[in-house]
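Asks: I'd like to ask you about the structure that follows.
The values are calculated or read from the model by the stated rules, or taken from the named source; none is laboratory data. Keep in mind that this is a model prediction, so the values were computed, not measured. Heads up, the Cβs are rebuilt from the backbone with ideal geometry, glycines too, and the neighbour counts pull from every protein chain shown. Side chains included, ligands, DNA and RNA excluded: accessible areas come from the protein's heavy atoms. Shrake-Rupley method; radii C 1.70, N 1.55, O 1.52, S 1.80 Å.
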Amino acid sequence: MINELQQLGKDALAELKDAKTLDQFQNIRTKYLGRKGLLTGILRNIAKVSDDEKPLFGKLCNELKNSLNANIDEALQKHADLKNQQDLFNDKIDVTLPGNAIKCGRIHPVIQVRQEICSIFASYGFSIVEGPEIELDYYNFEALNIPQDHPARDMQDTFYIEDNVVLRTHTSPVQVRIMEKIQPPLRILSPGKVYRRDSDVSHTPMFHQIEGLLVDQGVNFGDLKGILASFLKKIFGESTVLRFRPSFFPFTEPSAEVDIRCVMCGGKGCRVCGQSGWLEILGSGMVDPAVFKNVNYDSEKYSGFAFGLGLERIAMLKYGISDIRLFFENDIRFLKQF
Amino acid sequence: MLVSLKWLKDYVDVQLAADDISHKLTMAGLEVEEIKNIEPQFSHVVVGRILSVRNHPVADRLLLCEVTDGSQTYNVVCGAKNIAAGDIVPLAKVGAVIPGGYTIKSSVIQGEKSDGMLCSESELEIGDDESGIMHLPADLTPGMPLETALDIGDTVLDVNVTPNRSDCLNMIGIAREVAALTGKKMKPPAVKVKESSEDINALTSVNIIDSDLCPRYTARMIKKVKVGPSPVWLKIRLEAAGMRTINNIVDATNFVMLEMGQPLHAFDFRFLEKEKIIVRKSRDQEEFTSLDGKSRILPAETLLICDGIKPVAIGGIMGGLNSEVKEDTETILLESAYFNPPSIRRSARKLGMSTDAAFRFERGIDPEGVVNALNRAAQLIADLSGGTVGKNYIDEYPNKIPVVRDIPLRIDRIRELIGIEITAKEVVKILRDIGMNLKQNGKGAYLVTPPTCRVDISREIDLIEEVIRLYGYDRVPSNMPDVFITEMEDIPRLKLEEKIRKAMIGNGYTEIVNYSFGTPVAADMLCLRENDERRRSVKITNPLGEDLSVMRTTMIYGLLDTAKRNTNNGCFDLKMFEMGRVFLKRAKGELPEERNMIAGLATGKISDDLWNAGKNVDFYHLKGCLENIFFDLKIDHCKYIPENTESFLHPGKSCAIMMNDKRIGFLGEIHPDVMERIDFKNNVYVFEINMDYLPDKYADKKIIYQEISKFPAVMRDAAFVVSVDLEADRMLNVILEENEDLLENVYVFDVYKGKGIPEGTKSLGLRFSYRASSRTLTDSEVSSIHEKLLQKIIEVTGSKIRA
Ligand SMILES: [Zn+2]
């Protein structure tokens, strides 16, 4: 009898496994557990079991009944879940259609570069300052040690408003205006538009510059190298190779041009770097004592450094843009890429 | 400055490769921008000697020559007539390649065999001369490859000389640097003049009237010169330096200028009337024709070199046509002078003449090198032209040109300012290597006298720069200075700008940057009224073009122009904004006013590529965008007041934006007339706000949390039929002025015009929300307040409840 019982259990589970529809599940339940079911039938024959085996037989019958019930319940639940899922799936949408929230606008690429640079220098303790874009010749040139009739004026082709009023050719005059008002220590950054009388693939009559100035006691050329190297590595990556080489700016001495290993060719030489393997990125130098004299700073007590860079140039290198004029044509198809 | 390495080696024995020299110069502040290789443009051309010349039997413009290369004799048919037996000439043998890629072949010309070609200078691209066969020096051995015989082939460095380094605008200056950088010795050319017995002082005189502009004028006389072409070696030097050859006299002066940096000028003495030189400023309206053949009215204060009667040169800039060296010139008066640098610069700019001489004079030449260069050039002219140099030279030197001596230098100061541990010994060596004279001046201090050619050095800092430049920037250790907090704050407006920028981006607007200058017709295109302050524009005196000649006074025109260009490109759905300045003229003597503006433009669809949308932007879209910004800036007291002041806006669809009774900007649709002028089809909406009027400390307004009521709100709707002119704000204000405690909110939920309501009226649907913070309102309580408010509206505005 016990063997018969066990065989019954195996048969029931096998049938359950093959069952797929709701009807089949119900039939299995009736076939085995119903009032006229097979298990019920065996139970009715309990009298034929010896007294010794009766307790065990009863226990096994119960177990089988419970287990069959549980298995059928589980199978039914699974079946129901599957059906729900199927119904939901049939109610599907095309997820590949584009999203239709209003598309965000884009920030102008040059402004993005400005934001990035300003936030790096903010972390070095630099504050942002501003000044007029239409500037006195004095602030744009004279105070920066570029006298009238000096060949250094050739370095910047100037737009004039009046004899002594110009469109600023760099943002350095802001530094002079600030130094006139504030005593060191000083860490300032002046971003803004500047103007030079020039127009071709690599020059526009207006472009953006950022200039920085740090003045304190004991500032030296090593500090200039340290800050500018840190900055350039943040902008162009930690592995950026740079070099400082002597140059000339009337308002700094010693002056340094800072080059980075060409980001396009890695130094092998290409069209972008003019085969030199290096890209000029920024001009810098220790503030010339003549400038300090003009703002009544004592150059024996204080020293400092200044630097300046063109934002379009950085953006061109970052994004692989070869024509600077694109920045000011404001073609929406260009601007949407950034 | 083009530096031939072969020429450089005349003055310094440098064996380094061009790349290495370039690197050293670049890292010492003389940036080499390009390395050019000069190679002969021919091959298999040799030195030949003409054995015989006879006429071609048939063609009388041809000659038949026998030419030898030392081992073989060739028959060559030649078209030029300037040859004779015994001449040494370039012979392109069969198989030779000449410029242009032509290969010489054996041929028969008019029945005569020709096994080669005799070449002119220009055919070999050695020089410009194409008048006949090139004549080579008689001492060249036939058979030698021509490039070896003439020493053709060179490497030329294009050095970017910064405006302070006038001493490096010549070969000796560059050689001095190279010597210092490589540890080699300089070999300056030995200058010795073989003088005749005829004293220059007996033949001519120099009188400087304006010595402030010409502190020193020296001259020599060279007689019995024969003007002719320069020898090949000289031509090769000048070509490498990028200078055209003219004749042996002019070429000699140019050579010495390139070698020593002293510009020189050779006059044909026979044209100097009264046999004298007078140096003076130009007279009023004085006219002069310079060597380039151009005649000009000279600006005031132009320095002139004159003879006893008339000007013969613009001092330091260009010689005159009237005293130019000609083919039959026999006597040369050679000038070597020092001119006042700023004066040369002013004159050269006014005249628009940027000559090699002016370029050097305005940067400052070596005041003590004037005579040396005079002597060098005089002897060279004599050597090249067979002339003789007269005895003595004139040296009018009325104004001593100041030279700097004994500049104090402290070793400690170098260490402090640069951040290196350099020894005094190193400093002394570096400075001596570039020709400085040092005297000890106490412990760790020196008095330094630079060579007179270093006109850029007058202060201690100039010396420090020299030391560090040659010590090497790369040897200076980097240091990261400590960050300290300064008292200074960023400009508050910048934070505001960033907030606005973010809000604009979020609303779908893309940032543009236009030029700050534009066309003067913008004001007319926008129909600005005659008294509009935006007509007070600032003009650029030297613009790049008329369309970029005035500073903008509003950003609207730039936005419209940009929109127009984008629609031309097929982009019709545009939302753009710009932040920047506009400029307004102020009283004379004052800098113009600069205002920080934000302006935006929208046209076309709200979103350009939505597959299930299609609604166009309108006034309310742009207004909503501004409301978002103001909400973000915590500015809650902005008002939009209808007005009709902006002539370029639609009078019925525009308004002023007011803040605290101050007009901070405007918003509206572009006027149809303006749209027609700029030929724009779609409606365009714009706004412009002066950001300087926005409160600096926008974030100062504290947010105070309002407890959210636990009790439900009761909503009541009501629609009013009102005159179309009645503004929604007016309706709402009537309600708000009642200050009803239990009225939580009221807003417009519907606006309707058209069918079902009378002409000239509109229906305004208002939704009222009532709530108490501490209890649930009863229906009757709400009804009584609501009725009261409706009555008030009807009473004040004369509107009717819509059935
Ligand atoms: Zn490259």
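Asks: Output the number of the condition that A:SER230 fails; it satisfies all remaining conditions of (1) of a type in the set (Ser, Thr, Tyr); (2) within 23 Å of the chain's Cα centre (by Cα); (3) within 16 Å of the ligand (Cβ to nearest atom).
Replies: Against the list (1) of a type in the set (Ser, Thr, Tyr); (2) within 23 Å of the chain's Cα centre (by Cα); (3) within 16 Å of the ligand (Cβ to nearest atom), A:SER230 comes up short only on (3).
Asks: What helices (runs of 4 or more DSSP H) lie completely within segment A:207-325 and have 1 or more residues being under 19 Å from A:CYS118 (Cβ atoms) and touching a residue at least 12 places away in the same chain (Cβ under 8 Å)? Don't jump to the end; show me each part of the working.
Replies: Details: elements: A:221-236, A:289-294, A:311-319.
So the answer is A:221-236, A:311-319.
Asks: Considering only residues of segment B:285-307 that are over 19 Å from B:ASP210 (Cβ atoms) and in a loop (DSSP other than H, G, I, E, B), which is most open to solvent (accessible area, probe 1.4 Å)?
Replies: The residue in question is B:LYS294.
Asks: Quick one: would you say A:LYS225 is more than 8 Å from the ligand (Cβ to nearest atom) and open to solvent by 20 Å² or more (accessible area, probe 1.4 Å)?
Replies: Considered against the rule, which asks whether it is more than 8 Å from the ligand (Cβ to nearest atom) and open to solvent by 20 Å² or more (accessible area, probe 1.4 Å), A:LYS225 comes out as no.
Asks: Of all residues in segment A:255-266 being within 17 Å of A:SER239 (Cα to Cα), at pLDDT 90 or above and touching a strand residue (DSSP E or B) at 6+ places or on another chain (Cβ under 9 Å), which is nearest to the ligand (Cβ to nearest atom)?
Replies: Ranking the candidates gives A:CYS262 first.
Asks: Tell me which residues, restricted to segment B:396-417, are open to solvent by 60 Å² or more (accessible area, probe 1.4 Å) and in a strand (DSSP E or B).
Replies: B:GLU396, B:PRO408, B:ARG410, listed by residue number.
Asks: While we're here: Could you tell me how many of the residues in segment A:269-278 are surrounded by fewer than 20 Cβ atoms within 10 Å (Cβ to Cβ) and near the ligand (Cβ under 7 Å from one of its atoms)?
Replies: Total satisfying the criteria: 4.
Asks: Any idea which of (1) outside any helix (DSSP H, G or I); (2) more than 9 Å from chain B (Cβ to nearest Cβ) is the one A:CYS104 doesn't satisfy?
Replies: A:CYS104 satisfies all of (1) outside any helix (DSSP H, G or I); (2) more than 9 Å from chain B (Cβ to nearest Cβ) except (2).
Asks: Same structure again: Identify, from the list B:GLY320, B:GLY316, the residue that is closer than 16 Å to B:MET257 by Cβ, buried (at least 21 other Cβ atoms within 10 Å of the Cβ) and not assigned by TED's automatic domain parsing to the domain that holds B:ARG454.
Replies: Being closer than 16 Å to B:MET257 by Cβ, buried (at least 21 other Cβ atoms within 10 Å of the Cβ) and not assigned by TED's automatic domain parsing to the domain that holds B:ARG454 holds for just one of B:GLY320, B:GLY316, which is B:GLY316.
Conditions (1) within 27 Å of B:GLU239 (Cα to Cα); (2) under 48 Å from the mean Cα position of the chain (by Cα), marked per residue:
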{"site": "B:TYR74", "(1), (2)": "no, no"}
{"site": "B:THR103", "(1), (2)": "yes, yes"}
{"site": "B:SER106", "(1), (2)": "no, no"}
{"site": "B:ILE109", "(1), (2)": "no, no"}
{"site": "B:SER114", "(1), (2)": "no, no"}
{"site": "B:LEU124", "(1), (2)": "yes, yes"}
{"site": "B:ASP129", "(1), (2)": "yes, yes"}
{"site": "B:HIS135", "(1), (2)": "yes, yes"}
{"site": "B:THR141", "(1), (2)": "yes, no"}
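Asks: Sticking with this structure for a sec: State whether the residues of segment B:518-528 include one that is within 10 Å of chain A (Cβ to nearest Cβ) and either hydrophobic (A, V, I, L, M, F, W, C) or assigned to a helix (DSSP H, G or I) (or both).
Replies: no
Asks: Which count do you get for residues in segment A:117-146 that are closer than 21 Å to B:THR541 by Cβ and open to solvent by less than 50 Å² (accessible area, probe 1.4 Å)? Walk me through it before giving the result.
Replies: Residues of segment A:117-146 that are closer than 21 Å to B:THR541 by Cβ, as a first pass: A:132-142, A:146.
If we keep only those that are open to solvent by less than 50 Å² (accessible area, probe 1.4 Å) too, we end up with A:132-135, A:137, A:139-141, A:146.
Within segment A:117-146, residues that are closer than 21 Å to B:THR541 by Cβ and open to solvent by less than 50 Å² (accessible area, probe 1.4 Å) number 9.
Asks: With respect to B:LEU574, is the statement that it is within 8 Å of chain A (Cβ to nearest Cβ), without any contact (Cβ under 8 Å) to a residue 12 or more places away in the chain and not acidic (Asp, Glu) true?
Replies: So B:LEU574 does not fit the description; no.
Asks: Could you list all residues from segment A:194-207 that are open to solvent by 10 Å² or more (accessible area, probe 1.4 Å) and in contact with a Pro (Cβ under 8 Å, 6 or more places away or on another chain)?
Replies: Selection gives A:ARG196, A:ARG197, A:ASP198, A:SER199.
Asks: In addition: Given the options B:THR148, B:THR245, B:THR218, B:THR204, name the one that is more than 41 Å from the chain's Cα centre (by Cα), away from every other protein chain (no Cβ under 14 Å) and surrounded by 17 or more Cβ atoms within 10 Å (Cβ to Cβ). Can you show your working first?
Replies: Working: B:THR148 fails: surrounded by 17 or more Cβ atoms within 10 Å (Cβ to Cβ); B:THR245 fails: more than 41 Å from the chain's Cα centre (by Cα); B:THR218 fails: more than 41 Å from the chain's Cα centre (by Cα).
Just a single option satisfies the conditions, and that option is B:THR204.
Matching residues to (1) open to solvent by 20 Å² or more (accessible area, probe 1.4 Å); (2) at the interface with chain A (Cβ under 9 Å from one of its Cβ atoms); (3) of a type in the set (Gly, Ala, Ser); (4) under 26 Å from the mean Cα position of the chain (by Cα):
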| residue | (1), (2), (3), (4) |
| --- | --- |
| B:ASP532 | yes, no, no, no |
| B:ARG535 | yes, no, no, no |
| B:LYS539 | yes, yes, no, yes |
| B:ASP547 | yes, no, no, yes |
| B:ARG552 | yes, no, no, yes |
| B:LEU560 | no, no, no, no |
| B:ASN569 | yes, yes, no, no |
| B:LYS585 | yes, no, no, no |
| B:PRO592 | no, yes, no, yes |
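Residues are listed down the side, and each one gets a yes or a no for (1) farther than 25 Å from B:GLU643 by Cβ; (2) at pLDDT 90 or above:
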position: B:ILE708; (1), (2): yes, no
position: B:VAL748; (1), (2): no, yes
position: B:SER784; (1), (2): yes, yes
position: B:LYS800; (1), (2): yes, no
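Asks: Test of understanding: among B:VAL751, B:VAL746, which residue is over 19 Å from B:CYS655 (Cβ atoms) and β-branched (Val, Ile, Thr)?
Replies: Of the residues listed, the single one that is over 19 Å from B:CYS655 (Cβ atoms) and β-branched (Val, Ile, Thr) is B:VAL746.
Asks: Select from segment B:46-74 the residues that are closer than 19 Å to B:ALA92 by Cβ and free of Cβ contacts under 8 Å to residues at least 24 places away in the same chain and list them in ascending order.
Replies: B:LEU63, B:GLU66, B:GLN72, B:THR73
Asks: While we're on this one: Tell me which residues, restricted to segment A:185-206, are without any contact (Cβ under 8 Å) to a residue 60 or more places away in the chain, in contact with a Phe, Trp or Tyr (Cβ under 9 Å, 6 or more places away or on another chain) and at the interface with chain B (Cβ under 9 Å from one of its Cβ atoms).
Replies: Passing the criteria: A:PRO185, A:ARG197, A:PRO205.
Asks: I would also like to ask the following. Would you mind listing the strands (runs of 3 or more DSSP E) fully within segment B:1-71 where at least 2 residues are under 34 Å from the mean Cα position of the chain (by Cα), surrounded by 18 or more Cβ atoms within 10 Å (Cβ to Cβ) and within 14 Å of chain A (Cβ to nearest Cβ)?
Replies: B:31-38
Asks: Being modelled with pLDDT under 90, in a loop (DSSP other than H, G, I, E, B) and more than 8 Å from chain B (Cβ to nearest Cβ) is the filter here; which residues of segment A:107-156 pass it?
Replies: Result: A:GLN156, single match.
Asks: Quick check on my filter: what residues within segment B:732-775 are among the β-branched types (Val, Ile, Thr) and open to solvent by 80 Å² or more (accessible area, probe 1.4 Å)? Let's see the steps before the verdict.
Replies: The initial filter retains those residues of segment B:732-775 that are among the β-branched types (Val, Ile, Thr), namely B:734-735, B:746, B:748, B:751, B:757, B:761.
Result: B:VAL751, single match.
Asks: So which strands (runs of 3 or more DSSP E) are wholly in segment B:73-179 and hold at least 1 residues that are under 30 Å from A:ILE146 (Cβ atoms) and out of contact with any Phe, Trp or Tyr (no Cβ under 6 Å at 6 or more places or on another chain)?
Replies: B:154-160
Asks: Further, regarding this structure: Can you name the number of the only condition in (1) modelled with pLDDT of 95 or more; (2) open to solvent by less than 60 Å² (accessible area, probe 1.4 Å); (3) farther than 30 Å from B:ASP356 by Cβ that A:PRO184 fails?
Replies: Going through (1) modelled with pLDDT of 95 or more; (2) open to solvent by less than 60 Å² (accessible area, probe 1.4 Å); (3) farther than 30 Å from B:ASP356 by Cβ one by one, A:PRO184 breaks only (1).
Asks: Among (1) among the hydrophobic types (A, V, I, L, M, F, W, C); (2) within 11 Å of chain B (Cβ to nearest Cβ); (3) under 21 Å from B:GLU33 (Cα atoms); (4) open to solvent by 10 Å² or more (accessible area, probe 1.4 Å), where does A:PHE334 come up short?
Replies: Of (1) among the hydrophobic types (A, V, I, L, M, F, W, C); (2) within 11 Å of chain B (Cβ to nearest Cβ); (3) under 21 Å from B:GLU33 (Cα atoms); (4) open to solvent by 10 Å² or more (accessible area, probe 1.4 Å), only one is false for A:PHE334: (3).
Asks: Within segment B:168-181, how many residues turn out to be within 13 Å of chain A (Cβ to nearest Cβ) and closer than 14 Å to B:LEU2 by Cα?
Replies: Count: 2.
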